[in-house]
Amino acid sequence: MRLLKALMALQESSGAVTDASLRELARAENVPLYRLQGLRSFYPVFRKEPGAPVQVQVCRDVVCRMAGGADHCHQVRAALSDRQDVEVTEVSCLGLCDQAPATAINEHPVQGTAARIRACATGDQPLPDAPMPDQAERGLTDPYRAAEEHYGSVRDLIDAGSPDAVIQALKDAGLRGLGGAAFPTGMKWDFTRRAPGDEKYVICNADESEPGTFKDRVILESHAHLVVEGMLIGAWVIGARRGIVYLRHEYGRARRALETAIGEAYRTGALGESVFGSGFAFDLEVFVSPGGYIMGEETALLEALEDRRGEPRNKPPFPTNAGLYGKPTLINNVETFAAVPAICRHGADWWAAQGAGDYKGLKFVSVSGDVARPGVHCVPWGTTARQVLERCGGMADGRALKAFSPGGASTAFLPADRLDTPLDFDAMQEAGSALGTGAMVFVAEHRDLLDVTLAQVRFFRNESCGKCVPCRIGSHKAVEMVEQVRAGAAPTTSVSLVELHQTLAKTSICGLGQVALLPLVDALRTFPDDSSLQALKGGQA
Amino acid sequence: MSAEQVNLTIDGRDISVPAGTSVWDAARALGIDIPALCHDPRLRPVGACRLCVVDTGQRNLTAACVRPCEDGMQVVTDSADVERHRRMLTLMLLSEQPAESAREATTGDDMLYALARRYGIEAVDLPDGAEGCPRGADQSSPVIAVDHQACILCDRCIRGCDEIQHNNVMTRTGKGYTARIAFDLDAAMAESTCVSCGECVAVCPTGALTNKAVHGLWLRRGEGDGA
């Protein structure tokens, strides 16, 4: 973390990480120059030369593309082309899909058209305050009514609980990783607890960056104390003394909320050398990511924390046994940690009873796209996609639904006739997709499905780290092949997207490459009659 | 103290190896040749090229060079599926290669071209990524030619520079499709701290790093130039 923090400090203080500053840093830290170049050039936050004083970052990904139109980025650029003091860049999903089309002006979120972006970027209009999350809606997994009660779960555990009982409760509750991978949480905690070694770590993966996903931002902004407590309980269970929240760079308000919660926890004795006087020590800090979707891949995240390029590791070994600095490391998503205090306080049965029917627990969903009221909702597991849509006011402008993605860019789109599928990992899989992070993107009848799914593939291509061949080259070729067909050019290959996808899915190191072509390739199968996809069918699919 | 042994089968043949042995090494001990471009027994394996993928019965294929053998593992190194994916990976790499390989033209041992021959690839049936050589070249060094277009980012030169020679000069720079190798803070090779030891050329599997002809090269300025 030391080198990346030093680079971030340079970037922040002088607007760039120059060659001269890196030479100085190399001498001071006694590291070779190449290592610093590897870092500076990998992470998008760093730039070699300072830019214009006003930085306008326009989201180019699917939800904002739907809201702003395919030429939205171009329009923003054109609207500001006369301003020397403004630099416009197109960036990957900002995690503001509920405020689409989203732009960040000097890291401040702004929603709207090119004209509004210009007004805000030039100072003609003040920068707006981002809407505050609705506390009541998001409070369902908070077992506390007042701040004085915070950390009650961990206090009780330290007094009279047992680590094994916590693991059992998580297993009984049926809690699975809510960052998309759905690995059983109790099992992960058990592996990490039983992994040999005195030095262990707890890491919260708060690098939420997948288009359509913004629930972790809202949880952190409104209930950071639950995340802190979930990590604290994890540390107590596995025997860790140190924890790190790996937070995505763009989440400024979440960062402030988290730092406030951590400060408060230190003041009240929930964190520090002796948690509530028990002798159990736990220190927690926030590490702000220097950027990039791939950092949410847990081993890429570990590489960053070890001051290397964020390129995923080959697994096994898994982080539960060999994580940060090769030590056993418990890594969970924001929402997963946030669910733990309530499960400990009220019990696994209570958690299970929150679900609909036979489904257990509560789930935060990020809803965006062509819906009347996009946003984050906390719903019982087993709620159907239709009920979620109704809760968001139905489709925008009364349009008919064409397709919906239940779990984010890495999950396949389903047709409208699967709207009664319950929100559940297995049920969504049976329906032909996956629940992923619970990022539900609804797409209306008039949309060009090829444009929508190609936007997802472009996202993965743009965010590929470049380490392994299939992802680095395959994602690029796929986009090129589709763009050739869309432009009406004669295809220059007889290789099909399906064949390409199979090689990426089977041979890529990490999940990014494995799913990079999935949204598009799967749409060819699920929507055989869609007119926009027909162009790809002539020998291409 | 003897290391713990693990027993597994590779292509139906039983083998016992010390725990921690890679599938690639175990297969080699059986005389089974698993292709690889990024792996070299002298270097720490990185599993980047994915050509050594094998089937261990899991959901995805696994890179043999980085996969430790496990007790009871059943490995298939040459199924039709595995070979199909290796061929596709070779095709992807070839679609980014320049028209001529400097290594093939000189020492004739370009490992990527050897794979192309192994898989009978004559025409590259993917969009051409090498037209106009967009990745460029670095001819600044008097003794080593760098052709970024021929680079497959296998990381061998970087590990050779770092781990065999301990010269600490090379890195990958950038990210994703446009990533490439670089020296120091992305300096020209001749202006970097490179000492021209030649290790990167020796370990490079393609035409990305090759020796330049030294005929007529003056070793010291002024010598023989009449000055």
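Test A:Ala257 against the criterion of being closer than 23 Å to A:Glu199 by Cβ, surrounded by fewer than 23 Cβ atoms within 10 Å (Cβ to Cβ), in contact (Cβ under 8 Å) with a residue 12 or more places away in the chain and not hydroxyl-bearing (Ser, Thr, Tyr), and give yes or no.
In short, no.
Within the stretch B:130-147, the set of residues being touching a strand residue (DSSP E or B) at 6+ places or on another chain (Cβ under 9 Å) and either over 22 Å from A:Leu36 (Cα atoms) or within 13 Å of chain A (Cβ to nearest Cβ) (or both) comprises B:Cys133, B:Arg135, B:Gly136, B:Ala137, B:Gln139, B:Ser140, B:Val143, B:Ile144, B:Ala145, B:Asp147. Somewhere in the stretch A:284-303, is a residue more than 15 Å from A:Asn205 (Cα to Cα) and not in a helix (DSSP H, G or I)? No: zero hits.
Among the residues of the stretch B:98-138, those identified as in contact with an Asp or Glu (Cβ under 7 Å, 6 or more places away or on another chain) and of a type outside the set (Gly, Ala, Ser) are B:Pro98, B:Arg103, B:Glu104, B:Asp110, B:Tyr113, B:Pro127. Please go through the stretch A:473-513 and give me each residue that is facing chain B (nearest Cβ under 9 Å), closer than 22 Å to A:Gly296 by Cβ, β-branched (Val, Ile, Thr) and in a helix (DSSP H, G or I), ordered by number. Of everything in the stretch A:473-513, just one residue is facing chain B (nearest Cβ under 9 Å), closer than 22 Å to A:Gly296 by Cβ, β-branched (Val, Ile, Thr) and in a helix (DSSP H, G or I), namely A:Thr507.
Scanning the stretch A:334-377 for residues that are of a type in the set (Val, Ile, Thr) and under 21 Å from A:His150 (Cα atoms) gives A:Val334, A:Thr336, A:Val340, A:Ile343.
Conditions (1) in a loop (DSSP other than H, G, I, E, B); (2) within 13 Å of chain A (Cβ to nearest Cβ); (3) modelled with pLDDT of 95 or more; (4) surrounded by fewer than 22 Cβ atoms within 10 Å (Cβ to Cβ), marked per residue:
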site	(1), (2), (3), (4)
B:Asp128	yes, yes, no, yes
B:Cys154	yes, yes, yes, no
B:Ile158	no, yes, yes, no
B:Asn168	yes, yes, yes, yes
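In the stretch A:159-171, the residue that is surrounded by the fewest Cβ atoms within 10 Å (Cβ to Cβ) out of those that are farther than 15 Å from A:Ala235 by Cα and within 27 Å of the chain's Cα centre (by Cα) is A:Lys171.
Would you be able to say whether some residue in the stretch A:519-538 is within 10 Å of chain B (Cβ to nearest Cβ) and part of a helix (DSSP H, G or I)? No, the stretch A:519-538 contains no residue that is within 10 Å of chain B (Cβ to nearest Cβ) and part of a helix (DSSP H, G or I).
Inspect the stretch A:197-206 for any residue being in a helix (DSSP H, G or I) and in contact (Cβ under 8 Å) with a residue 60 or more places away in the chain and give the result as yes or no. Talk me through it step by step, then tell me what you get.
So the first thing to find is which residues in the stretch A:197-206 are in a helix (DSSP H, G or I), and the list is none.
No.
Taking each residue of the stretch A:336-348 that is within 17 Å of A:Met187 (Cβ to Cβ) and looking for partners that are basic (Lys, Arg) and in a helix (DSSP H, G or I) with beta-carbon atoms closer than 9 Å, six or more apart or interchain, yields A:Ala348/A:Lys171.
Right, A:Ala104: surrounded by fewer than 22 Cβ atoms within 10 Å (Cβ to Cβ) and of a type outside the set (Asp, Glu) or not? In short, yes.
Confirm whether A:His476 is surrounded by fewer than 18 Cβ atoms within 10 Å (Cβ to Cβ) and not hydroxyl-bearing (Ser, Thr, Tyr). Walk me through how you get there before you give the answer.
Working: surrounded by fewer than 18 Cβ atoms within 10 Å (Cβ to Cβ): no; not hydroxyl-bearing (Ser, Thr, Tyr): yes.
Judged against the criteria, A:His476 is not a match.
The number of residues in the stretch B:176-199 that are within 13 Å of another protein chain (Cβ to nearest Cβ), assigned to a helix (DSSP H, G or I) and surrounded by 15 or more Cβ atoms within 10 Å (Cβ to Cβ) comes to 3.
Tally up the residues in the stretch A:393-421 that are surrounded by fewer than 24 Cβ atoms within 10 Å (Cβ to Cβ), assigned to a loop (DSSP other than H, G, I, E, B) and aliphatic (A, V, I, L, M), please. It would help to see each step written out before you state the result.
Taking the stretch A:393-421 as the starting set, the residues that turn out to be surrounded by fewer than 24 Cβ atoms within 10 Å (Cβ to Cβ) are A:393-402, A:414-421.
Within this subset, residues satisfying the condition of being assigned to a loop (DSSP other than H, G, I, E, B) are A:393-394, A:399-400, A:419-421.
In the following step, the residues that additionally are aliphatic (A, V, I, L, M) were identified as A:400, A:419.
Residues flagged as surrounded by fewer than 24 Cβ atoms within 10 Å (Cβ to Cβ), assigned to a loop (DSSP other than H, G, I, E, B) and aliphatic (A, V, I, L, M) within the stretch A:393-421 amount to 2.
The listed residues are A:Ala489, A:Ala444, A:Ala439, A:Ala427, and the only one of them that is within 19 Å of A:Gly369 (Cβ to Cβ) and surrounded by fewer than 23 Cβ atoms within 10 Å (Cβ to Cβ) turns out to be A:Ala444. Evaluating A:Leu330 against the criteria (1) touching a Ser or Thr at 6+ places or on another chain (Cβ under 7 Å); (2) assigned to a helix (DSSP H, G or I) leaves one unmet condition, (2).
The values are calculated or read from the model by the stated rules, or taken from the named source; none is laboratory data. The shown structure was predicted, so the numbers you read here are calculated from the model rather than taken from an experiment. Reconstructed Cβ throughout: ideal geometry from the backbone, glycine too, with neighbour counts over all protein chains shown.
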